[in-house]
1. Could you figure out which of (1) of a type outside the set (Ser, Thr, Tyr); (2) part of a helix (DSSP H, G or I); (3) more than 21 Å from residue 22 (Cβ to Cβ) isn't true of residue 96?
2. Can you name every residue in region 127-160 that is β-branched (Val, Ile, Thr) and either crowded, with 18+ Cβ neighbours inside 10 Å or touching a residue at least 24 places away in the same chain (Cβ under 8 Å) (or both)?
3. With the requirement that a residue be within 16 Å of ligand 2 (Cβ to nearest atom) and among the aliphatic types (A, V, I, L, M), what does region 56-72 give you?
4. Identify all residues within region 1-55 that are assigned to a loop (DSSP other than H, G, I, E, B), within 16 Å of ligand 1 (Cβ to nearest atom) and modelled with pLDDT of 95 or more; write none if there are none.
5. If we scan region 161-180, do we find a residue that is outside any helix (DSSP H, G or I), more than 13 Å from ligand 2 (Cβ to nearest atom), at pLDDT 95 or above and surrounded by fewer than 19 Cβ atoms within 10 Å (Cβ to Cβ)?
6. List every residue pair whose Cβ atoms sit under 6 Å apart, with the two residues 6 or more apart in sequence or on different chains, where the first one lies in region 190-202 and is within 11 Å of residue 156 (Cα to Cα) and the second, anywhere, is part of a helix (DSSP H, G or I) and of a type in the set (A, V, I, L, M, F, W, C).
7. Quick check: anything in region 189-206 farther than 19 Å from residue 18 by Cα and either surrounded by 17 or more Cβ atoms within 10 Å (Cβ to Cβ) or among the hydroxyl-bearing types (Ser, Thr, Tyr) (or both)?
8. Answer yes or no as to whether residue 201 is under 24 Å from residue 99 (Cα atoms) and at pLDDT 95 or above.
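The values are calculated or read from the model by the stated rules, or taken from the named source; none is laboratory data. Since the model is a prediction, treat every value here as computed from it, not as a measurement. Cβ: placed from backbone, ideal geometry, glycine included. Neighbour counts: every protein chain shown.
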Amino acid sequence: MGVLDGKNVLIFGVANKNSIAWGITQALHDAGAKIGLSYAGGVLKKRVMPLAESLNIDFVEECDVLDDAAIDRVFEKAKAYFGGRLDVMVHAVAFATREDLEGKFSNTSRAGFGTAMNVSVYSLVALAQRARALMTEGGTILTLTYYGSEKVMPHYNVMGVAKAALEASTRYLAYDLGAHNIRVNAISPGPIKTLSAAGIPGFRDMLRFSEMASPLGANVTIEDVGAMALWLCSDAGKMITGQTLYIDGGYSIMGLPLGALEALEKKQDEPPKE
Ligand code: NAD
Ligand code: IMJ
């Protein structure tokens with residue numbers, strides 16, 4: 001018996017086996033949920049199809065979240081696949097142009113700002129509108145955010161601004177959808193090496209720093225995020241809505257993370273590795 005037996009779940013944002021959305025897919029699948037996946041399209045198909053097959057998921061639909069007609073098509077198909085009722089929708093989608101993540105925030109163009117907000121924030125609203133219509137017995141909507149919404153992170157730039165808007169959207173959606181018994185929450189993991197982290201200048205150092213500066217002394221995994229998503233979808237989360245919940249080894253509580261310096265000094269005392 002799984003805690004999500006008989007529940008229907010639609011997940012946006014699986015790109016490959018390292019995706020946070022894939023960690024969530026596995027956790028909810030293992031808990032007994034029936035899963036549908038939607039991915040951005042193009043070259044990702046050959047990565048996502050084998051993953052879906054490995055869990056016997058036969059709903060895998062391409063959808064660019066900038067395209068309202070494509071979103072409508074996915075939800076129409078999901079309605080048929082799930083027999084008219086959806087219980088959980090996961091939004092794990094973000095995009096800003098590489099140029100905007102490499103340069104300075106102060107140089108962000110109007111177009112770049114719009115793209116980041118449209119793909120990473122408005123998409124949650126667009127998907128929530130369609131999900132609401134299918135969540136006839138209440139439900140849970142989850143999105144993914146990052147601490148760069150609150151504090152300045154090098155290179156996160158316009159994505160930090162978009163995540164602040166995403167967290168505010170989570171609260172406003174939670175307010176509106178509460179009457180339908182639909183809960184809306186944002187999970188905020190510490191850094192994880194996914195496709196969205198690939199090629200970010202200095203990402204390896206960011207991972208090392210986060211590990212050393214966190215009270216728990218370790219980085220989070222997509223399995224950790226999956227487990228957290230599961231309890232938020234289960235009855236354990238039934239009175240939680242509108243929140244941004246951190247899963248970061250405690251990194252975000254630190255004001256002066258001296259542990260990172262101490263760990264660095266200890267490393268420097270060690271004999272160099274061959
Ligand atoms: P990922 O690259 O695996 O996932 C991002 C997904 O967004 C991809 O599947 C991509 O195809 C999709 N996407 C981008 N543009 C799209 C569009 N127009 N239409 C449809 N899909 C589109 O990386 P991830 O790290 O798993 O990211 C998932 C979420 O987690 C993102 O919201 C990200 O901001 C957030 N997050 C990531 C980290 C991290 O360190 N990796 C930390 C905190 C939060
Ligand atoms: C991304 C950029 C800069 C610093 C970063 C990140 N840190 C972390 C991330 C410290 C943890 C990953 N993250 C939380 C994201 O939300 C990433 C979003 C993203 C990544 C890319 C890379 C490829 C591209 N566009 C992107 N758009 C959004 O072209």
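1. Tallying (1) of a type outside the set (Ser, Thr, Tyr); (2) part of a helix (DSSP H, G or I); (3) more than 21 Å from residue 22 (Cβ to Cβ), residue 96 fails exactly one: (2).
2. Of everything in region 127-160, those that are β-branched (Val, Ile, Thr) and either crowded, with 18+ Cβ neighbours inside 10 Å or touching a residue at least 24 places away in the same chain (Cβ under 8 Å) (or both) turn out to be 136, 140, 141, 143, 145, 158.
3. Those that are within 16 Å of ligand 2 (Cβ to nearest atom) and among the aliphatic types (A, V, I, L, M): 65, 66.
4. 13, 14, 15, 16, 17, 18, 19, 40
5. The answer is no, given that none of the residues of region 161-180 is outside any helix (DSSP H, G or I), more than 13 Å from ligand 2 (Cβ to nearest atom), at pLDDT 95 or above and surrounded by fewer than 19 Cβ atoms within 10 Å (Cβ to Cβ).
6. The qualifying pairs are 197/203.
7. Checking region 189-206: not a single residue is farther than 19 Å from residue 18 by Cα and either surrounded by 17 or more Cβ atoms within 10 Å (Cβ to Cβ) or among the hydroxyl-bearing types (Ser, Thr, Tyr) (or both).
8. Taking the combined requirement at face value, the residue does not satisfy it.
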